[in-house]
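For reference, the structure discussed in these notes is given below.
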């Protein structure tokens, strides 16, 4: 009995509520939908899209002002939403917002890196500027020191010039003291060697060179034709000059009138080759013929024959060339060692300077 009573109470409650719902007056004036409460109706008017469209069209028709909340717009992609919750949910997945945030983060990192590099560069620039400033100060100090030293040097140069002029004046005014014994010895030996000389003329040069035996250019000094020619040539012309200073290669010759003059060894050798070129070539040609005959008779082997022939050709080429060359320099260096030399010391007052003049 109790169960039946409970069942009947439940049934009557349901019937009551259903009847109450049917009698609701909360109806939307735009879409005619009915709601059980005013709050549900208002929520419907603000969120239902089809209802919002009806509201908008009716507002355009009646030109009435209806409060429609469409102000929830995304600031990134400009999409509009009816509720703030929808906008907030959209902001979580908005691609443009995500991209902007990513770019903003990258820009922030790059800005930090740029500021860091800028700071480091500024520090380096400051360091370099300080270094340049220090170098400029050092250069200025050195310039000052150099100017001071230049001033000191100029003062010393002026003092030295003054002392030099004073010494030159004293030297010029001093009495001329000469060691007569030295002068006499030097003069005697000089005049003796001078008297023994043949005049340094073209005829005497040619005659001297003609005395060279071409056969002796081959079989001496282990077939060293160059050394043999140099030795024979110097021995042939040593009667035309004598040496006064072997270190500098100074020779003395005399002309047809018996007047002596100074000449350098290289100039002497070059002049001998120039005036006696024909005779030198004749001597070398005879040596070549003699060499060929010796090779034909098998008195000299082919190796030595080739060596001697090449050297004779080498000497002939340098003599024909005429200008100063390596062979003339070698001959000149030996010339001062073989020609007669003055053994006495030269006098301090250069007694014979006026007599010895370069031609």
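Observations, loosely collected:
- Scanning region 313-359 for residues that are assigned to a loop (DSSP other than H, G, I, E, B), surrounded by 12 or more Cβ atoms within 10 Å (Cβ to Cβ) and modelled with pLDDT of 60 or more turns up 322, 324, 325, 339, 340, 342.
- Taken over region 288-306, the residue count meeting the criterion of being loosely packed, with under 15 Cβ neighbours inside 10 Å and either in a helix (DSSP H, G or I) or outside the structural domain of residue 267 (by TED's automatic domain parsing) (or both) is 7.
- Residue within region 260-269 that is assigned to a helix (DSSP H, G or I) and closer than 17 Å to residue 316 by Cβ present: yes
- Of the residues making up region 22-45, just one is modelled with pLDDT under 85, surrounded by 10 or more Cβ atoms within 10 Å (Cβ to Cβ) and in a helix (DSSP H, G or I), namely 45.
- Verdict on residue 90 being in contact (Cβ under 8 Å) with a residue 24 or more places away in the chain and either within 30 Å of residue 56 (Cα to Cα) or part of a helix (DSSP H, G or I) (or both): no
- Within region 324-341, the set of residues being touching a helix residue (DSSP H, G or I) at 6+ places or on another chain (Cβ under 8 Å) and over 22 Å from residue 215 (Cβ atoms) comprises 324, 325, 326, 328, 329, 330, 332, 333, 335, 336, 339, 340.
- Condition met for residue 233 (part of a helix (DSSP H, G or I), assigned by TED's automatic domain parsing to the domain that holds residue 209, touching a strand residue (DSSP E or B) at 6+ places or on another chain (Cβ under 8 Å) and modelled with pLDDT of 85 or more): no
The values are calculated or read from the model by the stated rules, or taken from the named source; none is laboratory data. In this text the structure is predicted, and so the values were computed from the model without any measurement. Because the Cβ atoms are built from the backbone with ideal geometry, glycine has one as well, and the counts that use them run over all protein chains shown.
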